[in-house]
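So the structure is just underneath, and the comments pick up after that.
Readers should treat all values here as calculations from the given coordinates under stated rules, not as data from a laboratory. Since we're looking at a predicted model, the values are computed, not measured. Because the Cβ atoms are built from the backbone with ideal geometry, glycine has one as well, and the counts that use them run over all protein chains shown.
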Amino acid sequence: MTLWEALKTGEKYLEEREIPDAALDAWYLLEDILKKEHGEKVNRAWFLMNRQEEIGERLHTAYTQGLEQRGTHVPLQYITGEQEFMGIPFFVNNKVLIPRQDTEILVEEVMKAAHPGMKLLDMCTGSGCIAISLVKLVPGMKAVASDLSGEALETAGENARRQEAEITFVQGNLFESVKGQFDIIVSNPPYIPSAEIEELMEEVRLFEPRTALDGREDGLYFYRKITEESSGYLKEGGWLMFEIGCSQGEQVSELMRNAGFSHVAVCKDLAGLDRVVKGRLERKP
Ligand code: GLN
C-alpha cells in the first residue's frame, strides 16, 4: 500500500465513523507517524513528493492503530500526545485537559499586566500550559502552579522539563498547599455545569478528565472558591484573571466585585465571545 492509498483509506475509515474533521485527522495521524519515522522534514509538500512510496508494514500497523483509536472518538491529541499552545508544543495525555486556543486570550491578558520579576500563581494548572507559556514569554517571571491531581502535575512537570521552564508545582485542593503573595493569580478552572457535561461532544465527554471540566451545579463553584480565597494570596494591587465559559461573564464579574475587586472587566475571544474576567485587588479586605 502506498502512502497516498493509506491516507485515502484512513479518510474513508474516519468518515464512515462520523468523526469530526475526518480527512484532516487522517492526515494528522499519518503525519505524526511519518514524523516519528523521518523527523521534522515531513510536511504536506514532502508527503506529496513521496506519496507513491510504500508505507511498509510497521508504519501501516501504527497508522491503523491510531485510526482505530480515533474511530472510537479518542481525541487526536491524546493519540499523537501533543497540542500546540502559544506556539509551544505541549505533551498531553488523558490526565489533563487538552489546551484550547481560547485560553491563549487569558495568557495574553496576563502578559499585558506583567512586569519583569513578577510572581504568578496558576490555579488548576492541568497540563501546565498557562504557567509554562508565561514563564517562557515574560522575562524573569516566577511561577507557582497548583493542581489537585498528582497525575496532572506529573504531566505538567514533564512539560516544564521539556521546555526548561522553572516552575514550583504544588499539589492540593485549590490554595491548600500554596504559600506566598502573588502579583497575579490566573486560573482556567473547571466551569461546565454538571448537567451540561452529557451534552458535550464525545471526544470531551468520554475522554477528557471530568474533574477538569465539571464546575458543579451552576458551573461557578471554582470561581466562588478561588475569588473568596485569593485575597489571602494577592499583593495589594494584584490581579485575579479567569477564563470563563461564554455565558458566565456577568456572574463572575459580580462575584469579583462583591469580593472587593475593582477594575473588573470582561475580555472577548477571537470569536467575539466573553472569555476572560479580570479584576484588581486594590486593598486587602
Ligand atoms: N489550566 C489548564 C488549561 O488551561 C487546565 C484547565 C482545567 O483543567 N480546567 O488547559
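Describe numerically, in nm with one decimal, the distance between label points set 7 Å from Cα along Cα→Cβ at Glu57 and at Met201.
Those two pseudo-labels are separated by 3.7 nm.
Over the chain, what is the relative contact order in percent, taking alpha-carbon pairs closer than 8 angstrom and at least six residues apart? Could the numbers behind the result be given before it?
Details: 517 pairs, mean separation 38.1, N = 285.
Reported as a whole number, the value is 13 percent.
Taking a quarter of the surface of the Cα convex hull of the chain, what do you get in nm²? Intermediate results must be reported in sequence, preceding the final value.
Details: hull surface 61.7 nm².
Quarter of the Cα hull surface area: 15.4 nm².
Please tell me the relative contact order of the range 1-137 in percent, rounded to the nearest whole number, where contacts are Cα pairs under 8 Å and at least six residues apart.
20
With r as the distance between the Cβ atoms of Gln69 and Asn173 and R0 = 25 Å, compute the FRET efficiency 1/(1 + (r/R0)^6) and round to 0.05.
Details: r = 33 Å, r/R0 = 1.31.
FRET efficiency, Asn173 to Gln69: 0.15.
Once the range 78-153 is represented by equal point scatterers at the alpha-carbon sites, with solvent omitted, what log10 I(q)/I(0) does the Debye formula produce at q = 0.14, 0.15, 0.22, 0.28 Å⁻¹?
Here log10 of I(q) over I(0) equals -0.43, -0.49, -1.00, -1.39.
Could you tell me which of Met201, Val277, Gly215 has its Cα farthest along the dipole of the range 133-285 towards the positive end, charges placed at Cβ (Lys, Arg +1; Asp, Glu -1), taken about the Cα centre?
Farthest along the dipole direction, towards plus: Val277.
Return the long-range amide H neighbours of Val170 (sequence gap of 5 or more, or a different chain), with a cut-off of under 5 Å between placed amide H atoms.
Ala145, Ser146, Asp147
Set the bar at 21 Å for Cα to Cα. Now go through Lys112/Lys179; Lys142/Lys235; Lys179/Lys225; Lys35/Lys95; Lys235/Lys278; Lys119/Lys235 and name every pair that lies beyond it. Walk me through the intermediate numbers first.
Values: Lys112/Lys179 25 Å; Lys142/Lys235 14 Å; Lys179/Lys225 17 Å; Lys35/Lys95 25 Å; Lys235/Lys278 15 Å; Lys119/Lys235 10 Å.
Violating the 21 Å Cα-Cα cut-off are Lys112/Lys179; Lys35/Lys95.
Scan the chain and report its longest stretch carrying no trypsin sites (Lys or Arg not before Pro) that are both in a DSSP loop and have at most 11 other Cβ atoms within 10 Å.
Values: sites that count: Lys179, Arg283.
With trypsin sites (Lys or Arg not before Pro) excluded where exposed in loops, the chain gives 1-178 as its longest stretch.
Given a Förster distance of 25 angstrom, what is the FRET efficiency for Glu282 paired with Leu137, based on the Cβ-Cβ distance and rounded to 0.05? Before the final figure, lay out each step's value.
Working: r = 26 Å, r/R0 = 1.06.
Plugging the Cβ-Cβ distance into 1/(1 + (r/R0)^6) gives 0.40.
Report the extension gain between Glu236 and Asn43 in nm, rounded to one decimal, defined as 0.36 nm multiplied by the number of residues separating them, less their alpha carbon distance. All intermediate terms of the calculation are to be shown ahead of the outcome.
On the way: separation 193, 0.36 × 193 = 69.48 nm, distance 4.97 nm.
My answer for the length gained is 64.5 nm.
Pop out the ³J(HN,Hα) list for the range 116-125 in order, Karplus 6.51 cos²θ - 1.76 cosθ + 1.60 with θ = phi - 60°, rounded to Hz; leave Gly and Pro as x.
x, x, 6, 10, 10, 10, 9, 8, 6, 6
Leu273 versus Glu15, label points 7 Å from Cα toward the beta carbon: distance in nm?
According to this spin-label approximation, the distance is 2.9 nm.
Can you list residues from other chains, or at least 5 along the same chain, whose modelled amide H is less than 5 Å from the amide H of Glu82?
Under 5 Å from the amide H of Glu82 lie the amide H atoms of Val92, each far enough along the sequence or on another chain.
Considering only C-alpha atoms, what is the centroid distance from the range 164-242 to the range 42-63, in Å?
42
Need the list of aspartates and glutamates near Lys41 for cross-linking: C-alpha distance under 20 angstrom, and skip anything on the same chain fewer than eight residues off.
Asp25, Glu31, Asp32, Glu53, Glu54, Glu82, Glu84
Report the antiparallel proportion of the DSSP beta bridges in the range 1-160 as a percent, rounded to a multiple of 5. Show your work: numbers first, answer last.
Values: 5 of 10 bridges.
Around 50 percent of the beta bridges assigned by DSSP in the range 1-160 are antiparallel ones.
May I ask you to evaluate 6.51 cos²θ - 1.76 cosθ + 1.60, the Karplus curve with θ = phi - 60°, for each residue of the range 92-98 and list the ³J(HN,Hα) values in order in whole Hz, giving x for glycine and proline?
10, 8, 6, 8, 10, 4, 6
What angle, in degrees between 0 and 90 and rounded to the nearest 10, separates the Cα long axis of helix 103-113 from the longest principal axis of the Cα atoms of the chain?
The angle comes out at about 40 degrees.
Which longest uninterrupted range of the chain lacks any GluC sites (Glu not before Pro) assigned by DSSP to a loop state (not H, G, I, E or B) and surrounded by at most 14 other Cβ atoms within 10 Å? Don't jump to the answer; show the numbers that get you there.
Numbers: sites that count: Glu18, Glu53, Glu164, Glu166, Glu217, Glu282.
The segment 54-163 is the longest one with no such site.
If the convex hull of the alpha-carbon atoms of the range 148-285 is projected onto planes in all directions, what is the mean projected area in square nanometres?
Seen from a random direction, the Cα hull of the range 148-285 projects 9.3 nm² on average.
Give, in nm to one decimal, the length gained when the segment between Leu24 and Lys8 is fully stretched (0.36 nm per residue of separation minus the Cα-Cα distance). Don't skip to the answer; put the middle values down first.
Values: separation 16, 0.36 × 16 = 5.76 nm, distance 1.11 nm.
Gain on stretching Leu24 to Lys8: 4.7 nm.
Can you give the helix-only mean residue ellipticity at 222 nm for the chain, where every DSSP H stretch with n ≥ 4 adds -39500 (n - 2.57) and the sum goes over all residues, rounded to the nearest 500 deg cm²/dmol? Provide the component values of the computation, followed by the final result.
Details: 11 runs with 117 residues, N = 285.
The per-residue figure over the chain is -12500 deg cm²/dmol.
Expected output is a single nm value to one decimal: the length gained when fully extending between Glu82 and Glu154, i.e. 0.36 nm times separation in residues minus the C-alpha distance. What is it? List each step's numbers first, then the result.
Numbers: separation 72, 0.36 × 72 = 25.92 nm, distance 1.53 nm.
Taking 0.36 nm per residue and subtracting the Cα distance, the gain is 24.4 nm.
Treating the angle as unsigned and between 0 and 90°, give the value, to the nearest 10°, between the Cα long axis of helix 22-38 and the longest Cα principal axis of the chain.
Roughly 80 degrees between the two axes.
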